[in-house]
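Encoded as structure tokens, the structure appears first; notes follow it.
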Amino acid sequence: MTLTQVPLDVILHVTSFLDLYDSVHLVTTCSTFLGLLSVKDFWLKTLDRLQEVHMQPLPAPIGVNVSELAIDALRKLALHAYSLKKNWASKRAIPVQLSTFSLGDEYHELCVIPGTHIIITNSPRLTRRLGYTIGHFIGHSPPFHLHGQSFIGVSSKSRIHIGITVVKVDYRNKNAVTLSKHYSNTLLMVDFMPMANPTLALDAQTIGMAFTSDLDDLSSLIYFKFQDGIMHHVPLGVRLGSHPNCLLHNTDFYVFGSGLDDPTTVLRPSHLDCNTMELLYSVPAADLICNVQGHSRLLHPGYGVFVVTRRSSDTLASFTGPRKTIHSVHFWNATHSGSRIDLGNTASYEHNSEMTGLVVGSSGRYATVIDLELGQRMRPTYRLGLIRYAAHPSPETSFHRLDTGSVHINYYTAVVALDDSLGVVYLTHLGTGATATLSVLSYA
């Protein structure tokens, strides 16, 4: 039997084990196989391999049912995803498009809606009352997504109140994106006294926030059900630092901090008493031998929960030698079934110079950092780097330079957002006032 006599369904099955470029090379060897490029299953299997084997996010909004898309749309998704994969796997990724827009004012935070080219930011306009600033803070926990809609938790803190707001972004009609208030609540500041603006976590039924009290340095969790608005206050009894982060996934709360007692905690609301929690898992501080810097990132991309942190630790080359600071980014993936937590697929990347500005994409597989390089005459140069995490065949990380073209980066004032599904980096700077700009760098 010759190759051209092999049934097409067999060839289609073979291509499901190949990357896109290998599959295309195979089916273009003869006109008999060329027709597979017009078969929907060919592109669906290609995208399945992209997600299942390479854990590459689809360049589409979350919730899109790819099986309902036309062949042309599937082809564009696959080509975009593999083009991005190839570019970001190179030592120096080059943007294929660079655009710059005037903002008219500076913005402190950028929240990406993955796969949409939509970013949400907080207003730079702050109101001052009695010497206290009232600002709105976009939580560092990821938004909750439905098909064509995203829900973003926003918290605020004043001398008197703690504000909780959920903003709904509706982009089902691409020509008329709308923002509206989905939920709001107010708590008295004197009852809780959080050190900083709480970070919020939400799903379709519940919203919660974690914070550390300025009164006793102990952390707490507060959550509400949207249907009744009743507050449930759960003291955690541990110190999670001034900025604990939280995530709500499959009715479980993941709370992560950089405190002294218990930096990672997984809890589930008790069915008997809503003001108590069932402790599912905790990682003791002894397991985290470094200082966690900046805000940690908790994500749930669909295959578990990711915690990504930037750390620094001091080591001694010898008992009499100088102290050396090691900068690293740590990835761990928690999967659980019932009450069992599996902390597998853990990997770290150690950097040889100082870095800041950790931004993690929604897939948990890519993170950007700004690092310092000493050039000629020891002059510092600030560059954008990409850290890639791969779980298969064994957990590993790699560092790749992201070329930014004509866009210069200020190490101290840069604000970066990452959409790792589309391969887009958004960059702006603080301290620029009315001359602020937003640079959009597309790598696929």
Report, by residue number, each residue of the stretch 23-43 that is farther than 11 Å from LEU12 by Cα and modelled with pLDDT of 80 or more. SER38
Using beta carbons and a limit of 8 Å, which pairs, at least six apart or on different chains, have the first residue in the stretch 27-46 and over 14 Å from SER16 (Cα atoms) and the second one modelled with pLDDT of 85 or more? SER38/ILE71
Suppose we filter the stretch 205-241 for residues that are in contact with a strand residue (DSSP E or B) (Cβ under 9 Å, 6 or more places away or on another chain), in a loop (DSSP other than H, G, I, E, B) and within 25 Å of VAL167 (Cβ to Cβ); how many remain? 4
Among the candidates HIS80, HIS25, residue that is exposed (fewer than 12 other Cβ atoms within 10 Å of the Cβ) and assigned to a helix (DSSP H, G or I): HIS25
Where residues in the stretch 407-444 are among the small types (Gly, Ala, Ser) and in contact with a strand residue (DSSP E or B) (Cβ under 8 Å, 6 or more places away or on another chain), which of them is surrounded by the most Cβ atoms within 10 Å (Cβ to Cβ)? GLY423
Counted residues, the stretch 83-101 - those being outside any loop (DSSP other than H, G, I, E, B) and in contact (Cβ under 8 Å) with a residue 12 or more places away in the chain: 13
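Can you give me the number of residues within the stretch 51-77 that are part of a helix (DSSP H, G or I) and within 19 Å of THR116 (Cβ to Cβ)?
Looking only at that region, the number is 7.
The values are calculated or read from the model by the stated rules, or taken from the named source; none is laboratory data. The structure displayed is predicted, hence computed values, not measured ones. Positions of Cβ are backbone-derived with ideal geometry, glycine not excepted, and every protein chain shown enters the neighbour counts.
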